[in-house]
Amino acid sequence: PPQRITSKYDAFKVPWPEINAALGLSALLLDTLQKKPHSGIVFQTHEIMPLGIATKIGVKPDNNNKKGANTAWYNLFYSEESYSAFQFFTKRNFNVALNGLLKCLQDASEVVVSADKALVLPHEIASTSRGEMIIGGLPISYFANGGGSGSGSTEKEGERWTRALKYFLTDLKWVVAYTAKHVDR
């Protein structure tokens with residue numbers, strides 16, 4: 001079933017392929033900003049493999065502990081249509097990728113903010129003590145608080161996740177605007 005995306009004006013369902021496409025385009029935009037000459041943006045702990053609706057986020061190996069280790073890749077796409085015993089792992093992998101995408105935005109925003117001390121992004125990006133990424137005080141993970149099938153809080157979790165993604169897109173827009181105006185000028 002499609003994920004419910006809500007706003008204060010209306011509630012409607014957006015199919016997962018469209019959500020996956022939007023996440024893929026956001027990842028492509030971040031990857032493009034990183035590759036832009038003289039942008040100074042470097043993703044410290046993650047890599048982005050933009051593949052449209054099948055985009056992947058890689059977690060770089062810790063150079064101190066693992067010599068010769070490869071990047072671990074996680075799917076930045078999800079579908080609730082595949083009900084199986086492995087759905088837990090699918091959701092977990094999707095959440096790892098979402099957290100990685102937000103970490104990449106945090107890395108990009110730190111470069112922008114350090115270049116212009118007067119600039120403050122509208123929504124603070126931080127990490128919890130458990131290592132989960134939050135934006136504007138909301139976790140970016142899909143059904144981070146347990147939610148999911150059969151939970152009475154599913155609609156509230158959907159609203160929370162929608163708001164977190166809105167905050168993500170707003171901060172991304174600010175990073176793009178700054179980069180477009182100030183890099184290579």
Eligible aspartates and glutamates near K173 by straight Cα distance, threshold 15 Å, same-chain separation 8 or greater: D31, D107, E110, E124
Listed residue pairs exceeding 24 Å between alpha carbons, taken from K60/K103; K35/K103; K91/K156; K117/K181; K60/K117; K60/K91: K60/K117
Order by protection proxy (mean Cβ within 10 Å, highest first), peptides 154-164, 30-40: 154-164, 30-40
Residue-level accessible surface for S79, protein heavy atoms, 1.4 Å, Å²: 40
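The values are calculated or read from the model by the stated rules, or taken from the named source; none is laboratory data. As the structure is a prediction and not an experimental result, all values here were calculated from the model. Neighbour counts run over all protein chains shown; Cβ positions are idealised from the backbone, glycine included. Ligands, DNA and RNA are excluded from the accessible area calculation, which covers all protein heavy atoms including side chains. Shrake-Rupley method; radii C 1.70, N 1.55, O 1.52, S 1.80 Å.
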